[in-house]
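The block underneath contains the structure these notes are about, expressed in structure tokens.
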Amino acid sequence: MTTKSDEVQSGLTEYVTTMIGGQLFGLPISRVQDVFMPERLTRVPLASADVAGVLNLRGRIVTAIDMRSRLGLPKKEDGRPAMAVGVEFRGESYGLLIDTIGEVLKLANDTREVNPVNLDPRMAKLAGGVHRLDGQLMVVLDVDRVLEISAEKLAA
């Protein structure tokens with residue numbers, strides 16, 4: 001597993017790529033604990049719409065966050081089950097529900113750009129920059145921003 005100091009020294013960051021609503025996103029691999037297929041989600045009464053529920057993952061209670069809902073996108077209608085990327089925030093386990101998982105990309109830190117002014121505001125709130133790839137824009141998800149907003153909603 002890479003650490004922040006490894007990333008700074010090498011000038012590279014590894015990203016786990018995901019697709020959500022047809023948009024390519026990257027999560028720093030240093031923040032990803034596991035990738036899994038969520039089963040038997042239990043709804044949480046009175047939780048916000050982006051909290052899909054909770055599940056038991058190898059003895060841990062994991063809060064599942066529906067990234068489509070977080071991004072203001074319509075529900076997935078292709079019938080394929082969602083996948084989840086397991087992350088941790090403030091000692092709690094979360095599963096970010098995504099459409100599909102992609103490959104791991106190792107990208108130079110100096111090719112990462114600030115959010116473009118025309119980036120959808122819902123994405124911009126959660127993005128920590130972008131990488132321009134061959135014909136595609138990869139939005140870098142800032143896991144802390146994604147879960148900070150969710151934690152605020154849970155507390156409200």
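Please list, ordered by chain and number, the residues whose modelled amide H lies under 5 Å from the amide H of residue 57; skip anything fewer than 5 residues away on the same chain.
Amide H neighbours of residue 57, under 5 Å, 5+ apart: 62.
Looking at the square roots a ≥ b ≥ c of the eigenvalues of the Cα gyration tensor of segment 12-104, which shape do they give, rounded for a/c under 1.5, prolate if a/b is larger than b/c, or oblate? Please report the intermediate quantities before stating the final value.
On the way: a/c = 1.68, a/b = 1.14, b/c = 1.48.
Oblate is the answer for segment 12-104, as a/c is 1.5 or above yet b/c matches or exceeds a/b.
Taking amide H positions as placed 1.01 Å from N in the peptide plane, with prolines and chain starts having none, which residues 5 or more places from residue 140, or on another chain, fall under 5 Å of its amide H?
26, 128, 129, 130, 131
Once amide H atoms are placed 1.01 Å from N in the peptide plane, what residues at a sequence separation of 5 or more from residue 65, or on another chain, have their amide H within under 5 Å of its amide H?
Result for residue 65 returns 52, 95, 96, 97.
Taking all protein chains together and a probe of 1.4 Å, list 39, 14 from the most accessible to the least accessible.
Numbers: 39 140, 14 50 Å².
Putting 39, 14 in descending order of accessible area: 39, 14.
Under the rule of -39500 (n - 2.57) per DSSP H run of 4 or more residues, summed and divided by the residues of the chain, what mean residue ellipticity at 222 nm is obtained, to the nearest 500 deg cm²/dmol?
Helix contribution divided over all residues of the chain: -4500 deg cm²/dmol.
Treating the angle as unsigned and between 0 and 90°, give the value, to the nearest 10°, between the Cα long axis of helix 143-155 and the longest Cα principal axis of the chain.
It is inclined by approximately 30 degrees.
Starting from the alpha-carbon convex hull of segment 86-150, give the projected area averaged over all orientations, in nm².
On the way: hull surface 21.8 nm².
Answer in nm², one decimal: 5.5.
Each residue of segment 76-85 in turn: what ³J(HN,Hα) in whole Hz from Karplus with 6.51, -1.76, 1.60 and θ = phi - 60°, glycine and Pro shown as x?
6, 10, 7, x, 7, x, 6, 10, 9, 10
Please give the residues of segment 25-50, grouped as numeric ranges, whose backbone N is less than 20 Å from a label point set 7 Å along the Cα-to-Cβ vector of residue 61.
38-50
Shape of the chain from its Cα gyration tensor (a ≥ b ≥ c, root eigenvalues): rounded if a/c is under 1.5, otherwise prolate when a/b > b/c, or oblate? Please list the in-between numbers first.
Values: a/c = 1.67, a/b = 1.41, b/c = 1.18.
Prolate, because a/c is 1.5 or more and a/b exceeds b/c.
Each residue of segment 53-63 in order: what ³J(HN,Hα) in whole Hz does its phi give by Karplus 6.51 cos²θ - 1.76 cosθ + 1.60, θ = phi - 60°, with x for Gly and Pro?
x, 10, 8, 9, 10, 6, x, 9, 7, 10, 8
For 43, 68, give the ranking by accessible area with the largest first, probe 1.4 Å.
Working: 43 145, 68 40 Å².
Putting 43, 68 in descending order of accessible area: 43, 68.
So which trypsin sites (Lys or Arg not before Pro) in segment 89-124 are both in a DSSP loop and have at most 16 other Cβ atoms within 10 Å of their Cβ?
Numbers: sites: 90, 106, 112, 122; in loops: 90.
For trypsin sites (Lys or Arg not before Pro) across segment 89-124 that sit outside H, G, I, E and B with at most 16 neighbouring Cβ atoms in 10 Å, the list reads 90.
Rounded, prolate or oblate: pick one for segment 37-87, where a ≥ b ≥ c are the square roots of the eigenvalues of its C-alpha gyration tensor, a/c under 1.5 means rounded, and failing that, prolate if a/b is larger than b/c, else oblate. Each step should come with its number before you reach the end.
Working: a/c = 1.84, a/b = 1.31, b/c = 1.40.
Since a/c reaches 1.5 but b/c is at least a/b, the shape of segment 37-87 is classed as oblate.
The values are calculated or read from the model by the stated rules, or taken from the named source; none is laboratory data. Fair warning: this is a prediction, and the values are worked out from it, not measured in the lab. Positions of Cβ are generated from backbone atoms using ideal geometry, with glycine treated the same way; all protein chains shown enter the neighbour counts. Please note that ligands, DNA and RNA were not included when accessible areas were found on the heavy atoms of the full protein model with its side chains. Shrake-Rupley method; radii C 1.70, N 1.55, O 1.52, S 1.80 Å.
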